[in-house]
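These notes concern the structure reproduced below.
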Amino acid sequence: MIEPYPNLPLEEIDNVAKNTWKAVGAMILSSMIAFAPVTMEPPAPMGFNDATHQHHWTMPRIRKSIASALTEEQLLVDNVWREVSRQYVDQTFNNKGEEGWRKERLKAVTKVTGVGPDEKEFVYSTIRDMLSVLGDPYTRFLTPEQYESLTAYARGGAVPKAGCGVQLIGDRATGKIVVLNVIPDGPADKNGILPGDTILKVDGEDIAGATAEFVAAKCRGDPDTGLTLTIQHGSEDGKPANAVENISLVRSQIKTQSVKTSTFTSSNGKNVGLIKVNSFSLETERLVREALDEIRKASVSALVIDLRGNAGGYMPAGVDVAKLFLPVQSRIISEVDKSGRSTIYINDGVGSDTSQPLYLLVDQRTASASEILTAALKDNHRATVVGTKTFGKGRIQNLQELQDGAGISVTKAKYITPSGNDIHGIGISPDVELKSCGTNDSALDCMKDIAF
């Protein structure tokens, strides 16, 4: 980056002039190749069908075009811009238009002119600034570490490095980072952190205005290392509402368990099966099938699927789990892309359980793939939805890797429920509202008044 020096010694003026013209030349060159082709390597399936959150997870690696003379840092900015241009569902680019969106690219490419490979954080920040004009929190740049963690989470495996065992989400109303879920027996769980708590600081650093991904990255580190979280407790913690506490914990390797199975006896004496689905990954459909096989042996009268706090994950898993409970040819969702074309997902086979009384337990943290499952079973009159209104995330992201191990998540489509509703920003209203069902209450407590 070149800065003005009004009191520069005479003998250095020539050097500055040369460097200035190099910068200007780079700017001109970046303008000239604004529409130069970018070569894509063939997609590699890697065992996936879609992006972390959504459909068709094939992750092409972007490589440098022969026509490009950008630096590696400028190329990264350019590749992010191109992928958003190619895929983004809103082709007005938040009402900026194509010309306005091109200006954002040029501004970002120019900003990283002269930046070296040791200034990655500056480049990443520039990319985030460019994407922020879209006003879409789901279209975002991911550092190599964030990308690796997100793909590992979608596979259902252990998250790289160690962590404190929390899932985080940005509160749309307050902008604060809230604990969505706590991994059982993880460091956070053992130290009294609960869903609904707000993280204010990490190791004394104020994280106001940060993204959930940024805070999650701050929480990760080497196993057996310590960190301190400043927590503002929610109203259901058994502590005074809004009480602030510094909690010290030790990072450990986290392995998520996305599906848990149990049974309980209802208030009217019925044996009820319970499947708790914490997240959706490549493994979820298989795990739910196995859970159904196990529950059948218990001769249950009804089944409850607990989706509280489930923010989604791997979108096709939500579709596949819905297929387990629906008759053949039932509509699950419609995916609408940037051009308005619809892809309709239907059940192409007979479900494993299409008749047993079924209840879905949801709350305001039930989102994305969880809402796909909820809408499919509700709109097809297969399940009774119980709880509170869901989060309202009706957009589908595509995730792919960039040239240095970083990644980009792009909102590529919206989905429409079988009844023709776009739930984005609205959510799904329950059939039976439960005002007394708290975040940390058991499913048995929440369902005690339901006549199974």
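Here is how the numbers come out for the structure above:
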item: Under the Karplus curve 6.51 cos²θ - 1.76 cosθ + 1.60, θ = phi - 60°, whole-Hz ³J(HN,Hα) for segment 354-370, x wherever Gly or Pro sits; result: 10, 9, 5, x, 10, 10, 10, 9, 10, 8, 5, 9, 6, 9, 6, 4, 5
item: Highest-first arrangement of 314-327, 179-192, where packing means the average Cβ count within 10 Å; result: 314-327, 179-192
item: Computed label-point distance, nm, for sites K338 and A69 using a 7 Å Cα→Cβ extension; result: 2.8
item: Overall form of segment 216-275 per C-alpha gyration tensor (a/c, 1.5; a/b vs b/c); result: oblate
item: Euclidean distance between Cα centres, segment 387-449 to segment 119-133, Å; result: 28
item: Positive minus negative residues near Q364 (Lys, Arg vs Asp, Glu; Cβ under 10 Å); result: +2
item: Inter-part distance where segment 176-211 and segment 288-342 are each reduced to a Cα centre, Å; result: 29
item: Theoretical gain in end-to-end length, T228 to Q364 [0.36 nm per residue, Cα-Cα removed]; result: 46.2 nm
item: Global geometry of segment 284-333, whether rounded, prolate or oblate, following the gyration tensor of its Cα atoms and the 1.5 cut on a/c; result: oblate
item: Relative contact order (%) - segment 317-452, alpha-carbon pairs under 8 angstrom, separation at least six; result: 24
item: Per-peptide average of other Cβ atoms within 10 Å, ordering 357-368, 208-219 highest first; result: 357-368, 208-219
item: Relative contact order %, segment 62-217, counting alpha carbon pairs below 8 Å whose residues are six or more apart; result: 14
item: Under 5 Å, built H, 5+ apart or other chain: amide partners of V259; result: N278
item: Volume in Å³ per residue [convex hull over Cα atoms, computed for segment 314-400]; result: 102
item: Most to least packed among 404-410, 284-290, 94-100 [average Cβ atoms within 10 Å]; result: 404-410, 284-290, 94-100
item: For segment 417-430, Karplus couplings with θ = phi - 60° (6.51, -1.76, 1.60), whole Hz, Gly/Pro x; result: 6, x, 7, x, 9, 9, 8, 4, x, 10, x, 10, 7, x
item: Distance-filtered residues of segment 374-408 - backbone nitrogen under 16 Å, label point 7 angstrom along Q356 Cα→Cβ; result: 382-384
item: Residue-count net charge about T384 - beta-carbon cut-off 14 Å; Lys, Arg +1, Asp, Glu -1; result: -3
item: Contour minus Cα-Cα distance for V432 and K107 (0.36 nm per residue); result: 111.9 nm
item: Sequence-separation-based contact order of segment 191-350, relative, with Cα cut under 8 Å and 6+ spacing, percent; result: 14
item: E145/D118 FRET efficiency (R0 22 Å; Cβ-Cβ; nearest 0.05); result: 0.80
item: J(HN,Hα) series, segment 117-122, from Karplus relation 6.51 cos²θ - 1.76 cosθ + 1.60, nearest Hz, glycine and proline x; result: x, 8, 10, 4, 4, 5
item: Local net charge near D293, Cβ-Cβ under 12 Å (Lys/Arg +1, Asp/Glu -1); result: +1
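Rule-based calculations on the coordinates, nothing more; no lab input. On a predicted model such as this, the values are computed, not experimentally measured, just so you know. Note that we place each Cβ from the backbone using ideal geometry, even for glycine, and neighbour counts take in every protein chain shown.
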